[in-house]
Every structure is written in structure tokens, then in C-alpha cells.
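This report concerns only the one structure given below.
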Amino acid sequence: MKKKITIVSALLISGITFSQLGINTSSPKATLDISAKIPTGTTTSPEGLLIPQVNRERAQSMTGVALSTMIYVNEVSTGSQSGNAVNIDNVGYYYFNGSVWIRLSADTSKFVDKSIYTADGSLEANRTVTQGANTLAFTGNAVNAFSVDGSTLSVDAANDRLGVGTTAPEVKLHVEGSSILNAARTVSSTKNALDINIGQNGYSYGNRTDNFGINIASRSTVGTGPVARINFGDNNVTTAGSGKYLSFSVGNELNELMFLTSSNSGRVGIGTSAPTHKLHVNGTNPLRLQGLSAGNTSTDSLMVVDATGVVKRIGALGSLSMIPSAAIFRLETPQLNFLQTQAIGERQVVPMSLVKNTIPGMSFNAATSTITFPAGTYQMTFVYEALHNATGCTISSYFVDFPLNTGSTRIHSTASHIEGVVSNHGSTITYATTVPANRTWTITLGRGQSGNCAGAGMSLTAYSTQLLVYRMGD
């Protein structure tokens, strides 16, 4: 008893003197400093700090517990996991935080290092890394150095490549499967949905070589190789200049079926990479237009091709002086006893109707049977068919006074027939003439002097009597 009192007294005196208490040490370094009595060696005597042991029910029943109080719960079959014991679900060390007991340690399995640096692991909840101004870098030298969900995203650190849908990218960006570039989501200040840079100091890509801007190819065992290409760059082989180009090729070869260039304010070549005009098509029978609407011969221009293949526009069909155009007039009502009152050398109006007119500038007054001509050279053909039944009349003589620049010229025609009965006869009177603009001429037929017919008995036949006017090409 004396020995125990002496030790306790010494401890108390030491604590009072230095405000520190040491067990197995004469120089405590904290409020309570417990040192092992035998810190080294193979002795079997136990040493350590024994914390009070209670069951869960006892811990749950405590009141007035000071903050940071520590206990060891050695049994959890009693009490309940509620109140201040809500966290007591297993044996172990617990400390009091002022409200509930907090477990100081879990079972040993939960102390396994599960960081990604030593083993695989799983997130137990959503996590967010807030970097702020700090950087986060990964370095590696493997082909699939970093990946997400297998081949969804793969970083080839060995070759500086990125794969989407593949763990073995073959180029800087290798995408397996379909993709979408949604330009609609760009802000209003963004001008380009996709920028492709082909010019940089020290690099010659994009100059007029075999470099392809976009290559579309097949890796099938059948028909492998290029399918189509979109090529772009500069026409100058060594130094970038003003000859920018964009071309399209289809097939295994670089055929550049369509070639666009900025030279000379922009040209397009089809079948040629050296277009000389805005649109230059090279090939056998290179142009076919299908589905065209009908045009207007009076107003629509004609397309012609010169000796070098250049397409040009000329005037409307009706305005072309080198192409003959025609007008057709026809008698549609029979004229009975025609020229009955006309003597030799006198004429009678033939009341014709206009059937067709393709001569620009020509007009016709049906009320007076008068034609107004545009300037030009014309071939005029008067076709008549008549009946005659007068006694003593066997030869009919007719004339047409065709227009000239000023005045007219008379052309005769005679036809023989039987007297006293209805007898058909007819002929054609043709003349070529040149008239000035706005020259007027009335369609008439006169009685000639070489016949022996006069008075009634002659009828001019409808539909068989007509006038054809051709405007000759200049």
C-alpha cells in the first residue's frame, strides 16, 4: 500500500509541477505521455493503453458525456442503433462528438488501400473535381494509355492519337461509327462550324500535290481503296499564292471530275483541272439538259456554240435575219362570181384570214386584208384555185401586183379550162421582193389581158386559195 501511494503521489506532484504527466518517462512531452516500459526486445509482457470497454446498451445509456470521450464497444447485441448510438453498428473504438458516438475505426477490410494507384476501385457516389486554376495532366507511352468505357474514348499516348469507338486509332482523330457536327449550337459570333487549317510555316500540305483534304475510302476486301475525295489547297506547288482550288474526285484515281479555282474571279471545271471559263466542261458530248420547258420563239434567246466550244447567246428565233420565217394567209369563204365587174387590168380584194405568222414585226388587218411588213426581203407565193362555167370562156388570165420599195410589180398567170360547164383551174404566182419597214400591201387578185373570159361565172375556191410570205435571211 505504501508503494502505490508513493507512485500516485509522485505522479500528482509531477503533474502539478509541470502540468504534464508521464508514465514510464521522466520527461513527458504532452499532457499525458505514456511510454512503453520495455520498448524493444522479445519480452512477452503486454504493454499499451486499455480503453474502457462497454456494450452498445451501456454506451447508449450514458448521459453527460464529455466531448471527445473515447470508448471501446465490445458487443452490439444489446441496445439499439438509434439516438446517440445511431452509428454503433459493430464492435470497435468510438468517440463522442457532443451528440452521437462516432466510429473511430471500421473493420480491417475497410482499411485496404483502394486508390487507383494500387488497385481497381469503384466510386461509391458522384464526385466532382474542382480544378480552379490548377491543371490536371496525364502522361503515358502506351497505345491505349487512357480510355473510357472500353473503346468509347481512347488516348494513344505512344503515337499521339485519339480514338472514338476504337482503342487503336490510326490517325490524329480516328472515329469509328457515325458522327454529328451540330453547327446550330454555335454562338452567333462563330462564323465557321468547322475550321480546317492547311497552311502553316514549314509545312507544304495543301499545295498542288497528291494531298487530299478529305478522303472517303472502303476497307472492304472487295473494292478496297479510295471511293471519293474532296481536295483543296493552292495551285502553286511551292509557295502559297492566289490560285486556291477545291476539287472532287470519284473512284480509285485522282480524276478531279469537278475542279473549282479562284483564278480569274473563280472558275469551275468538269473533266478538267484547268478551266478557262466560268464553267468549263470537257468530255465527249459533255452536255445534256433534260426536263426543259417550252420557250417562246419571239422572245427567248437561242444558244449557239462557237468553233472552240464556247456557248453563246444570240437573239430570239424570230429576230434572226439568217433564218427564214413565214406567214400563211388563207381564203376560208368561197368567193362566187369573183372579178365579175372587174375589167382587164382591174383587181379585187381577196378576203383572207391569217393562219400563222412567225415574222416579227409583221401585222395583218383582216378587215381590209392588208399586210404591214417589217423591212426585209420576201418571197411571196399566191396559190389560187377557181371554177369557171361561162360559155365561150376557155382561158382565164389573172395577175398579182406584188409590193416593191415604192410601187408594185405585176406578175401574170393563165389557166385553160372547158367552156360552158363547171371546170376547175388553178396556178401559183411567185415573186421575190424587198420592201422597207411599214410597207403596206393589200391581198388582191386581178383580171389579166391574155384570157378570153369576162363577166360572171368564175368562183374562187376556199381553202385551196392561199398566200405564203417568207422573210428571207439576210
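The table that follows gives values for the structure above.
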{"quantity": "Failed item, numbered, when Ser80 is tested on (1) at pLDDT 80 or above; (2) in a helix (DSSP H, G or I)", "calculated": "(2)"}
{"quantity": "From Leu136, Leu181, Leu194, residue being without any contact (Cβ under 8 Å) to a residue 40 or more places away in the chain, loosely packed, with under 10 Cβ neighbours inside 10 Å and touching a helix residue (DSSP H, G or I) at 6+ places or on another chain (Cβ under 9 Å)", "calculated": "Leu194"}
{"quantity": "Strands (runs of 3 or more DSSP E) fully within segment 323-364 counting 1 or more residues that are closer than 15 Å to Tyr470 by Cα", "calculated": "325-330, 353-357"}
{"quantity": "Looking only at segment 339-373, and only at residues there that are farther than 17 Å from Thr442 by Cβ and under 55 Å from the mean Cα position of the chain (by Cα), the one that is surrounded by the most Cβ atoms within 10 Å (Cβ to Cβ)", "calculated": "Ile359"}
{"quantity": "Residue selected from segment 251-295 under the condition part of a loop (DSSP other than H, G, I, E, B) and basic (Lys, Arg), by the criterion surrounded by the fewest Cβ atoms within 10 Å (Cβ to Cβ)", "calculated": "Arg288"}
{"quantity": "Looking only at segment 242-301, and only at residues there that are in contact with a helix residue (DSSP H, G or I) (Cβ under 8 Å, 6 or more places away or on another chain) and touching a residue at least 40 places away in the same chain (Cβ under 8 Å), the one that is farthest from Val222 (Cα to Cα)", "calculated": "Ser298"}
{"quantity": "Contacts under 8 angstrom Cβ, first residue in segment 312-331 being more than 19 Å from Leu354 (Cβ to Cβ) and of a type in the set (S, T, N, Q), partner modelled with pLDDT under 95 and not in a loop (DSSP other than H, G, I, E, B), 6 or more apart", "calculated": "Ser321/Gly376"}
{"quantity": "Residue match in segment 373-383 (condition: in contact with a helix residue (DSSP H, G or I) (Cβ under 9 Å, 6 or more places away or on another chain), of a type outside the set (A, V, I, L, M) and more than 28 Å from Gly451 (Cα to Cα))", "calculated": "no"}
{"quantity": "Hits in segment 263-306 (condition: small (Gly, Ala, Ser) and more than 30 Å from Pro360 (Cβ to Cβ))", "calculated": "Ser263, Ser265, Gly266, Gly269, Gly271, Ser273, Ala274, Gly283"}
{"quantity": "Residue match in segment 4-17 (condition: assigned to a loop (DSSP other than H, G, I, E, B), at pLDDT below 95, in the same structural domain as Val100 (by TED's automatic domain parsing) and surrounded by 12 or more Cβ atoms within 10 Å (Cβ to Cβ))", "calculated": "no"}
{"quantity": "Residue list for segment 387-398, restricted to those being among the aliphatic types (A, V, I, L, M) and touching a Ser or Thr at 6+ places or on another chain (Cβ under 6 Å)", "calculated": "Leu387, Ile395"}
{"quantity": "Lone qualifier among Ser369, Ser363 - being at pLDDT 95 or above, under 22 Å from Val435 (Cβ atoms) and touching a Pro at 6+ places or on another chain (Cβ under 7 Å)", "calculated": "Ser369"}
{"quantity": "Residue selected from segment 391-401 under the condition closer than 11 Å to Glu419 by Cα and surrounded by fewer than 20 Cβ atoms within 10 Å (Cβ to Cβ), by the criterion nearest to the chain's Cα centre (by Cα)", "calculated": "Ile395"}
{"quantity": "Condition check for Val422: out of contact with any Lys or Arg (no Cβ under 8 Å at 6 or more places or on another chain), among the hydrophobic types (A, V, I, L, M, F, W, C) and modelled with pLDDT under 95", "calculated": "yes"}
{"quantity": "Pair list, Cβ < 6 Å and 6+ apart or interchain, from segment 38-59 residues that are outside the structural domain of Phe96 (by TED's automatic domain parsing) and in a strand (DSSP E or B) to residues that are at pLDDT 90 or above and surrounded by 10 or more Cβ atoms within 10 Å (Cβ to Cβ)", "calculated": "none"}
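To keep it simple, each residue is scored yes or no on (1) of a type in the set (Val, Ile, Thr); (2) touching a residue at least 60 places away in the same chain (Cβ under 8 Å).
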residue	(1), (2)
Asp401	no, no
Gly407	no, no
Ser413	no, no
Ser416	no, no
Thr430	yes, no
Thr440	yes, yes
Gly457	no, yes
Leu460	no, yes
Leu467	no, yes
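The values are calculated or read from the model by the stated rules, or taken from the named source; none is laboratory data. Note that the coordinates shown come from a computational prediction; the quantities given were computed from them, not determined experimentally. For neighbour counting, all protein chains shown are included, and Cβ atoms are generated from backbone atoms with ideal geometry for every residue, glycine included.
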